[in-house]
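To keep things clear, I will list the structure first and then write my remarks on it.
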Amino acid sequence: MDFELSPLQRERYAGINAAVAERFAEHETCTDPELVRLAWKDAASIGLTGMCLPEEHGGAGLGALDTALGLEAFGRSCSDMGLVFGVAAHLLSCAVPVWEFGTDAARELLAGMAAGDVIAGNAMTEDEAGSDVGRIRTTAKGSGDAYVLEGEKSFVSNAPIADVFVTYAVTDPAAGFLGISAFAVPRELDGVVVGPPLPKMGLNGCLAARVRFEDCVVPARYRLGAEGSGGAIFQHSMAWERGCLFAGYLGLMERQLAECVGRTTRRRQFGRKIAGFQAVSHRIARMRQRLESARLLLYRACWLLDQGRTDVGAIAMAKTAVSEAAVANSLDAMQLFGASGYLADAGIEEQLRDCLPTTVFSGTTEIQLELIAREAGL
Amino acid sequence: MTLDEVTPRIRTFIAESFLDGDPKGELTESTPLLEWEVLNSMNSALLLNFLREELRVEVPLASINAANFRDITSISKLVSGLTAVPAEGA
Ligand SMILES: Cc1cc2nc3c(=O)[nH]c(=O)nc-3n(C[C@H](O)[C@H](O)[C@H](O)COP(=O)(O)OP(=O)(O)OC[C@H]3O[C@@H](n4cnc5c(N)ncnc54)[C@H](O)[C@@H]3O)c2cc1C
């Protein structure tokens, strides 16, 4: 067993970290679609939009652990977590399935996706199908040359600026979860209707919207995998997302920890640094412990993915640990900063708002705990 | 692994994990697992994990479809037909 990153991994992490710090030093969370697109181009220029794609498709050919390290560096030095989240979701839940299961025609999208020119949104969730994704109602009828998609997706991150949607629809109603098929749907197709940006509490740099497919004719070349393999493809992409995307939050927690150490060693009350009060220093110790233990679980889950093992329990434990640590640490940071943490300027309240949804997206904490418990034989 | 070895293990796993032990003994080898939503998104992930970790069989994604996971018979046939993943250290 070796807990050290290799020299190459350390070098790559440092390189991405420095590049992100330089490019995003002045960047503030923005919601103007044009500015968001420009930020994506900056991320792409560092290679963040295509890290795990093969070189022939414009990527860097990195495995899951190395991709996670890249996203960790992104989250470490870019305070716009919506951007980090949006880029990661584009890469992991959209580009990965297009690369692994797409036809040659669908894979033609990948070069643009790696370059940040073609932005993707993952469209699975529906009003009546959140955790229980097998209940989706969007249908894809037809076969042969084309399918007609009909239905509405209720929460699609990146949708307002997306050029393509990786979506899921029922092709065989009798087959439940294994009657779902996956498609890459270019936005320009007739019948793709993107709603207005959804107002939300955080991750504001990642615009989200509802997406409706109205009599939308999708050529069969855009189907990913075989008919009926959409459920398995979705789960595979979620394994990547639950592993790698959450590394961005490790980066956030590390940045936040440094800010808390800085603040509590500068701030004086009762004639001394507040870090000198054990209630304060132990709070920081716990933040650090949560971060480091979550990091170990996440690295291990990604390492298993690189060994070709989609270990449901390991991935669920990593996802739960990172998301719960991110929420707990953000609450601690608020407390440590006092009133200044509550004001927008310090960026601490934004971190809390950006961390809160982590226990919901990519599979809620309750669903992950259910998987962990059931896998343990309960 | 032969079909005779695999079938009871898969049957026991499904009964214990998804059907509360199947107290009324309703689960048969031809029970339509997908149609009856025994294999929903969560349970199919757990079943695949069981096949990988306990039976040492990695089901390729292309084989995860309704025909292969329709019932215990089809799953058992699939599993016995797949090459067992070599045990660690072997
Ligand atoms: C910031 C953000 C970004 C998102 N981006 C996308 C996206 O890009 N694409 C997309 O398709 N979706 C996206 N989603 C939606 C997300 O995938 C769903 O919110 C998530 O799957 C949960 O579904 P739900 O919100 O409908 O909650 P529900 O499934 O209705 O759950 C509500 C509550 O009930 C609990 N619950 C449900 N079932 C069980 C059970 N069996 N056991 C125990 N507890 C249970 C849940 O854990 C939760 O606490 C996003 C969500 C957020 C917050």
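Here are the numbers for the structure shown:
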{"read-out": "When residues of the range B:17-39 are limited to those that are within 9 Å of chain A (Cβ to nearest Cβ) and of a type outside the set (A, V, I, L, M, F, W, C), the one surrounded by the most Cβ atoms within 10 Å (Cβ to Cβ)", "value": "B:17"}
{"read-out": "Matching helices (runs of 4 or more DSSP H) fully within the range A:290-373 where at least 2 residues are surrounded by 17 or more Cβ atoms within 10 Å (Cβ to Cβ)", "value": "A:312-337, A:348-355"}
{"read-out": "Whichever residue in the range B:40-52 is at the interface with chain A (Cβ under 8 Å from one of its Cβ atoms) and in a helix (DSSP H, G or I) and, among such residues, is surrounded by the most Cβ atoms within 10 Å (Cβ to Cβ)", "value": "B:45"}
{"read-out": "Qualifying residue in the range A:220-241 (condition: of a type in the set (Val, Ile, Thr), within 14 Å of another protein chain (Cβ to nearest Cβ), closer than 30 Å to residue A:148 by Cβ and more than 15 Å from the chain's Cα centre (by Cα))", "value": "yes"}
{"read-out": "Set A:289, A:368, A:307, A:269: member being within 14 Å of another protein chain (Cβ to nearest Cβ) and away from the ligand (no atom under 16 Å from the Cβ)", "value": "A:307"}
{"read-out": "Residue list for the range A:242-266, restricted to those being buried (at least 24 other Cβ atoms within 10 Å of the Cβ) and either free of Cβ contacts under 8 Å to residues at least 60 places away in the same chain or within 14 Å of another protein chain (Cβ to nearest Cβ) (or both)", "value": "A:242"}
{"read-out": "Residue in the range A:135-154 that is open to solvent by less than 30 Å² (accessible area, probe 1.4 Å) and closer than 30 Å to residue A:42 by Cα present", "value": "yes"}
{"read-out": "Helices (runs of 4 or more DSSP H) contained in the range A:36-138 and holding at least 1 residues under 29 Å from residue A:327 (Cα atoms) and away from the ligand (no atom under 15 Å from the Cβ)", "value": "A:64-77"}
{"read-out": "Any hit, the range A:173-188, residues being open to solvent by 20 Å² or more (accessible area, probe 1.4 Å), outside any helix (DSSP H, G or I) and not assigned by TED's automatic domain parsing to the domain that holds residue A:73", "value": "yes"}
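The values are calculated or read from the model by the stated rules, or taken from the named source; none is laboratory data. What you are looking at is a predicted structure, and each value in this text was computed from that prediction instead of being measured. Backbone-built Cβ (ideal geometry, glycine too); neighbour counts: all protein chains shown. Surface accessibility is based on the protein's heavy atoms, side chains included, excluding ligands, DNA and RNA. Shrake-Rupley method; radii C 1.70, N 1.55, O 1.52, S 1.80 Å.
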